[in-house]
Amino acid sequence: MKYKLIKIVLAALIAVSTMSLNAGRYAGDFMQIGSGVRALGLGKAFTAVADDGSAIYWNAAGISQLKRIEVGLMRSFLYEGLAYYDHLTYCQPLPNDVTIGVNWTRLSIPEVPVFDEKHLIGTTIDQRVTFPDLQLTGKPDDTFTATDDLVQFAFSRHIRYDLNLGWVFFELPIDVHFGGNVKYIRRTIQDYTGTGTGFDLSILQRNYLSEWFDVRWLGELAIGLNFKDIGNTSISWDTVSRHSDEVVMNTDLGFSYLQYLPTLKSTLLVATDTQYQTYGQAQRFGAEFTYDEMVAFRLGYNEESFSTGMSVSFFDLHLDYALVTNVLGNSHRIGLRANF
């Protein structure tokens, strides 16, 4: 009975998200969950990291950091296993430092109970209280699966630029990645479907501080900027009223620093993100320690939600795990990435 009640509440929340509340705050709610296992282990502080396939979601400009084909998949169990969250990515490097990619993300809540109002027609509350045979049994008349799909087609270009400050100075190398994606959104609740199309534009810029300051032990500083749902994204429903939700534009600004630790054959990555929204800001923090490119451990914090995770790499296969804690319950994410 507990799980049935939770499913009813989840379905109600999805239905509420189709109403224009708080200027679109809930219209694209499922897209706030985030794709990828490593990114979630870092507390969603991934805008200035964006170096695997899930970058299509976080900062599409970052996929041009991939110089080999990458295929990634993820499965997550949310709300004590009552909902499933999956994503699949494919990134294909092309000539001239161009990379394209596609990402499919789905949130599904199966077996949501339906209670038909026909049982209430022709009777009053007093009659149902007085006569036991008129009382509702509490058994659902039917069930349905609510699904939310996000498909993104991404493009990114990498430009290596040597900044010349004059003959007194040496040239300073700068890596700049430009990108964006086109997204298609499809939401279904019982017999109704809502669809919409949106656009993201992003940039990622990486600085090699060891060469900038001629200090060998310094690492790399990266800055990422992602403009989501430019011009707002409308989701139109096939209801009688032709209701339309609007996902408002928001911006993610991120910084990351990668420190090499050669004596330990390791690297240390720290990252922070700020998401600017019409209804406030969200701050994110993450850290990752990688040993010999084989094992990685990470921690993250995001709006009173803590996360942790790890990765194990074997040749070109990377097995990722993340644990995310929040008020709706802990969720486990498992993912696999492969390079070819």
So, by mean Cβ neighbours within 10 angstrom, what's the order for 289-301, 244-256, 120-132 with the highest one leading? 244-256, 289-301, 120-132
Treat each spin label as a single point 7 Å out from the Cα along the C-beta direction, and report the Asp141 to Glu111 distance in nm. 2.1 nm
Would you mind computing, in nm to one decimal, how far apart the modelled labels at Leu221 and Thr123 are, each placed 7 Å from Cα along Cα→Cβ? 7.1 nm
Please give the helix 2-16 orientation as an angle from the longest Cα principal axis of the chain, in degrees from 0 to 90, rounded to the nearest 10. 70 degrees
Could you tell me which GluC sites (Glu not before Pro) in the range 168-236 are loop residues by DSSP with no more than 10 other beta carbons within 10 angstrom of their beta carbon? none
Out of the range 52-111, which trypsin sites (Lys or Arg not before Pro) are coil in DSSP terms and have no more than 16 other C-beta atoms within 10 Å? Lys67, Arg68
Return a single number: how many Lys pairs in the range 2-339, at a sequence separation of 8 or more or on separate chains, have alpha-carbon atoms below 24 angstrom apart. 12
When only C-alpha pairs under 8 Å and at least 6 residues apart count, what is the relative contact order of the range 2-339, in percent? 19 percent
Filtered chymotrypsin sites (Phe, Trp or Tyr not before Pro), the range 74-158: DSSP coil and at most 11 other beta carbons within 10 Å: none
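Going by average Cβ density within 10 Å per residue, which order do the peptides 226-237, 47-58 take, highest to lowest?
Numbers: 226-237: 18.9, 47-58: 29.7.
The peptides rank, most packed first, as 47-58, 226-237.
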The extension gain from Leu268 to Leu88, computed as 0.36 nm times the residue separation minus the Cα-Cα distance, is 62.1 nm
Hey, what number do you get for the chain at 222 nm if only DSSP H runs of n ≥ 4 count, each worth -39500 (n - 2.57), divided across all residues, to the nearest 500? -2500 deg cm²/dmol
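Throughout, read-outs are computed from the coordinates displayed, never taken from laboratory work. Worth saying up front: this structure is predicted, and the values here are computed from it rather than measured. All Cβ positions, glycine included, derive from the backbone under ideal geometry; neighbour counts span all protein chains shown.
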